[in-house]
Amino acid sequence: MELISNQCGDTTVVDGITQLFDEDGTIYLVTGYFTNSAYRLIRPDIERFLSRSPENELVVVVSPTADQFTPSIARDLQQLDDRVQLYKYPHGCLHAKLYVRTGDHPTAMVGSINLTRVAFEQNIELSVLVESDDGDADIEPFVEWTDELLSICEPFRKRDLFRPVMLLNTISVWTNKARLLSGRTVVHQPSVYVVLALLGLFVLMSWTT
């Protein structure tokens with residue numbers, strides 16, 4: 001077991017992600033946020049991974065919202081290889097960050113790291129890297145959790161990538177979050193309006209990158 005951080009240690013958070021693609025198997029990327037700038041950083045590793053063996057597969061699970069996922073990633077992945085499977089979590093906000101590789105040398109990384117450039121280069125992030133020395137025993141709980149998540153997820157459809165649809169999903173998720181707060185808190189808290197403005201700006205920026 002190894003702690004992965006971008007503040008200390010020999011392994012950066014980017015290293016922790018990219019080294020998953022160094023061995024063969026099936027890779028699961030479950031992430032709260034997946035931005036185009038981060039995708040471009042790891043895309044060469046994905047390409048090498050898929051080209052190395054016809055049995056290698058990639059499974060990506062994200063939220064179908066405009067602030068958490070960039071449609072261009074999905075389109076590129078779909079064109080990249082038919083061994084890439086893209087799933088959406090349709091029941092709200094996916095906030096988990098789990099990255100798993102099965103195969104002869106199974107590995108899992110779980111913690112705070114989203115697949116974003118900010119997480120890779122700016123935030124203080126912390127995750128645990130688990131490499132199994134005894135078959136799949138150490139990794140099996142992560143694989144089982146991922147299988148359970150996939151059982152309630154759905155494959156992405158073309159309509160899911162339309163920006164108006166993704167924006168409506170974003171509004172729905174944030175509306176449900178707001179319901180957990182009292183009406184007085186939402187109305188009288190200036191930070192709420194700042195967050196909404198920043199959210200709108202983030203969505204616009206994600207569409208152009």
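A few notes on this one:
- Each label point was placed 7 Å from the Cα along the Cα-to-Cβ direction; for Leu167 and Val118 their separation is 2.0 nm.
- Net lengthening on full extension, His95/Thr175 (0.36 nm per residue, minus Cα-Cα): 27.2 nm
- Surface calculation, 1.4 Å probe, protein heavy atoms: Cys8 sits at approximately 90 Å² accessible.
- Label positions at Arg52 and Thr11, each projected 7 Å from the Cα along the C-beta direction, are separated by 1.5 nm.
- Heavy-atom accessible area order for Glu125, Glu148, Glu55, largest first, 1.4 Å probe: Glu55, Glu148, Glu125
- Taking 17 Å as the cut-off, the amide N atoms of segment 24-45 that come nearer than this to a point 7 Å along the Cα-to-beta-carbon line of Glu2 belong to 24.
- For segment 91-161, the fraction of 1.4 Å probe accessible surface lying on carbon and sulfur atoms is 50 percent.
- Sequence of Asp133, Asp138, Asp45 from largest to smallest accessible area, 1.4 Å probe: Asp133, Asp138, Asp45
- Ordering Ser112, Ser5, Ser51 by accessible surface, largest first, gives Ser51, Ser112, Ser5; the 1.4 Å probe counts only protein heavy atoms, with every chain in place.
- Linear extension gain, Arg83 paired with Arg157, 0.36 nm per residue minus alpha-carbon span: 25.0 nm
- Note on Arg83: accessible area is roughly 40 Å² with a 1.4 Å probe, heavy atoms of protein only.
The values are calculated or read from the model by the stated rules, or taken from the named source; none is laboratory data. Everything numeric here is computed off the predicted structure, so don't read it as measured data. Note that each Cβ is placed from the backbone with ideal geometry, even for glycine, and that neighbours are counted across all protein chains shown. SASA here: full protein model, heavy atoms, side chains in, ligands and nucleic acids out. Shrake-Rupley method; radii C 1.70, N 1.55, O 1.52, S 1.80 Å.
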